[in-house]
Each structure stands twice: as structure tokens, then as C-alpha cells.
1. If you plug each phi of segment B:120-137 into the Karplus form 6.51 cos²θ - 1.76 cosθ + 1.60 with θ = phi - 60°, what whole-Hz ³J(HN,Hα) values come out, in order, with x for Gly and Pro?
2. Give the relative contact order (percent, whole number) for chain A; include only Cα pairs under 8 Å separated by 6+ residues.
3. Which of A:HIS146, A:HIS181, A:HIS112 moves most in a GNM of chain A, Cα contacts under 10 Å?
4. How large, in Å, is chain B by the Kirkwood hydrodynamic radius built from its alpha-carbon pairs?
5. Quick one: longest stretch of chain B between exposed loop chymotrypsin sites (Phe, Trp or Tyr not before Pro), exposed meaning at most 13 other C-beta atoms within 10 Å and loop per DSSP?
6. Give me the net charge for the shell around B:PHE95: Cβ to Cβ below 12 angstrom, other residues only, Lys and Arg +1, Asp and Glu -1.
7. Within segment A:137-246, list the trypsin sites (Lys or Arg not before Pro) lying in a DSSP loop whose Cβ has at most 14 other Cβ atoms in a 10 Å radius.
8. Looking only at A:ILE59, A:ILE235, A:ILE117, which one moves most when chain A is put into a Gaussian network model with springs between Cα atoms under 10 Å?
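What follows draws every value from the coordinates through simple rules; no lab data is involved. As the structure is a prediction and not an experimental result, all values here were calculated from the model. Because the Cβ atoms are built from the backbone with ideal geometry, glycine has one as well, and the counts that use them run over all protein chains shown.
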Amino acid sequence: MKILAIESSCDETAIALLEGHGQILQLKKNAIYSQIDIHKKYGGVIPEVAARKHTETIIPLIDNTLGKSKLKNIDYVAVTSGPGLVTSLILGMATAKALAFANHLPLVSVNHLEGHIYSNWLSNSSLARNSQKYLPALILLVSGGHSELILMTSHGQYQILGQTLDDAAGEAYDKVAKLLHLGYPGGPIVSSLATEGNTQAYNFPRPMIDKENYDFSFSGLKTAVLYTLEKKKKISKKDIKDICASFQAALIEVLVKKTIKAAKVYKVKSIMLAGGVAANQVLKNTLLKQSREIGLPFFYPDLKYTGDNAAMIAVAAYYNVRFKNNNYILKDKNIFDLEPQANWRLGQNKSKI
Amino acid sequence: MREYQANNQAATEKIATELAKELKGGEFLALSGNLGAGKTVFVKALAKALGVKENITSPTFVLMKVYDISPLKSRQKTKAEGKFSKLDGGKVDKFVHIDCYRLSGQEDLFEIGLGDYLNYNNIIVAIEWADKLVNLPATAIKIHMELLGEDKRKISIA
């Protein structure tokens, strides 16, 4: 089964070509056009600019990916239809719909977060070979827009156990970077400075760590950093490193503690990390260590699949087709009923697509 | 213009709840203030008082989140407090929460896709970092928040 996948939920335009046979996944092509340098100079994403850039890049990217054989041999077209920026989603979806309809191919609508989860399948062949051995799995999904603990009972079946009540983990990194005037995007900068700082220099709060649920809250952590800065007259380079290290230690402690607790309570067979913050080395090391202590395998995506990409969307589509999740597979005229769902919650059964 | 000083989170929430009772639908709330000024706390309390059941999470990443308002609930709530609310008609059924934090400061409301939600009597819109938008409507209720010291905030509503 050959799948062409399109992802344009934020500021990356991405196209992938995947061939799947039973338990073997072969990624043939994986192209990403990142707009990060364009948005960097503005200090954030500009929806209008992102949408225009998607329009310019999407067709050349598809042409390049498909090469001479064009859509011959393609069995399915897959597209991200949410969550994300609606103005960005629309571009990828319009392209996918037109390609699918004109070539009489079924269109698979994929949840962006499900894609992030499946980046683990892309990175660990043992998962693709024997999924059942590792399911149910507990997934910690952390990115700029999400912080969720998800119980995946089988392919396509999800239950959100907890989520952030305010800011996402990646967003907290971005905002702390902003408070410290470190630039955008904040995650990589803060985590790299943190490696040189003292994690115990500041005792930042561990929000909700002892609450009897799996929810997170990171808005107050950012405010605690702000209060610390307000009290200081001068801020040295060492202070910045120490603040980064102490902030990161607080955030990771909460994420890991709740993940491990949920893994025990729900008696899962594996723990997985997904999303942009899965690039964070300290988070990976801590989860690896603590998963081992409770005897569970820990999976994380390769660095190149932690950010937004279409390869993960193709893998999610592959399992949706294989396990006949027909709600999300559209044919012929029905293709045009598909609309972007900016706030599509994973596991939410849509009454109609 | 009204000015308040909130000495803790509960006080901020109370001011937001009071403001919610004055709204009758079609309003546009423009919030400004730096990181940590308390905008999200304010909006969460406002939404709750309006009858949004879902937990309000940061829309920074997706820019905009739209919530359903249960009219019945908002009616019960205000009755229980012994006050008559203008929301009693129960016609306000949507709350739109926008966060312009990631914007560059050159867009207007239509460029961020808000055109569909403006000036409808059944919708209340709250925008954080509204100072990053150009051409705000003149009717906007402007809420500015400022951190005075740990936990202390000044809130002005105009």
C-alpha cells in the first residue's frame, strides 16, 4: 500500500511517500519546507504569511516527491485536518482533496497528534513488527501547542487521561525564553543553556505534582520565573543559565512523575514520548531511566521526526486503513465534506467529518 | 474607565466574573499586558462565568479557540447568586478566545480569520495581546493588566 501524505498544520509544508506491507514500513520520501527563518524575524508565526508560503511551496514539493511516476501506484492520499492553524490547514487540505478526487483515490483524514504518536512507529521497527506486544501504551505528547497524557489501547483508540489546563510545555519554554530575551523558538535555546546551569539554584514550583489527576499547568511556572526576574536588579549570564536549568528541572519533574504514575495505574506495556519537546535530551534521559526502573520499554521518535512532518501522517494513515478506521476514509464526492478542525481533540468521535 | 487592584488570583477572578455579568452578547474584549500579567487567569474566570463548561486552555499555538456556552447553565448560575443577568435571554452561545502573542503586530482582525465571529449578538470574543492587532473596533472593551509586585495586579477596564 502506497500513501502520499500532506501536512500543513502550522508553518512547515511537508510531503511524504510511504510504502507499507503488513508489519514493514518503508519511508520512500520525506520532504519538509520549513518557514522558520521567515517567521523568526517577526518573532512568531504570522498566519497570513504562513498560508501564502504554503501556497507557493506545496505543488513543487509534491512534484519533487512524486517524480516522474506522478500519482501512478499511489493507493491513498492522506492529509492532516487538525488541530492547527485553520488558515494553514486549508491549503494542504484543498490540495489533498483535489488530488484524491481527480485521481479517484480515497482520502484519509489524519489527526496531527495521532501523527506525532505514530512518529514512534517510524523510528522503532520493533513497534511496527509487533505492535500488540507494546499496547496498551502510555504516551506523553508534548509540543508548543499540547501537553497531554494519552492512553493508546490499540491502533486508532485513544483516551486522554490528562492535559494542560493552561499553557503547553513547549509554550512555557518559549515564554521563559521571551522573559529572558533569548529569542525564538525558545525550546532549544533554554534547554541548551540549562545544560550549563544549576538545577537547584531556584526552587520553582512543581505545579499540580501531587494532585490526584493527570492534568498539567505551566502558566504559573512561567509567572514564577517572572517574579524571580523582577526581584533581581542585575541578571548575569550565570543567573540566566541557572534559571533555565531550574525551570527545566521543575517542568520535567512534573511531566515525568505524572507519566510514570499513569503508566503504573493503567498497567501499560510501554511508555512513549511524542511531539516537538521529544527533542529534549534531559526529558528523554529521565523518562528512559524511570521507565526502566518500573520495567517498561520506553520509545521515543528520532530527532528528525519530532518536529512537524508528513511521514508520521502517512504512518497514521497506514494504520487507519489497515485497521479499517473507516470514519476517516473518504471517497469520491464525500471528499469535499472534509473540513479543517482547528481544535480536533484526539479520541473525539466526530459525528460527521 | 474603571481601575481595580487585585491582590491575589481570586480577586482577579472576581473582577472577571463581575464583568461577565455586564455582557449581553456581541462584545469584543481586548486584553493587553505583559507575560505574567494575569490575562489567562482573567479570561478563564470570565469564560466560566459566561457558562463555558470546557476548561479554557491557551490558544497561543492555534491562535483561536471557539467554545460553546450553555445558556441554561449561565442562567442558573446568576439566579443562584440572586442577581439578574443580561445573559438571561440565553442567546449567547459561543465564546471565542484568541491569543495574538505569536503575531508580529501587523495584522488586523480579518487577516487572522476572525471575520466570521465579529459583531454577532450570540458571540463574545476575548483577545489576549490585542495590542498586537491593528485597527481594533472602536467599540472594543479594553482591559489592561499590569503586574505591580508579586501577586498584586492593576486592572483597568475602559
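1. 9, 5, 8, 10, 10, 10, 10, 10, 8, 6, 5, 5, 8, 9, 9, 6, 5, x
2. About 25 percent, as a whole number.
3. In this elastic network of chain A, the residue with the biggest mean-square fluctuation among A:HIS146, A:HIS181, A:HIS112 is A:HIS181.
4. Every distinct Cα pair counted, the radius reaches 15.7 Å.
5. The answer is B:1-83.
6. +1
7. Those that pass, being in a loop and sparsely packed, are A:LYS211, A:LYS232, A:LYS233, A:LYS234.
8. Comparing A:ILE59, A:ILE235, A:ILE117 in the GNM, the peak value goes to A:ILE235.
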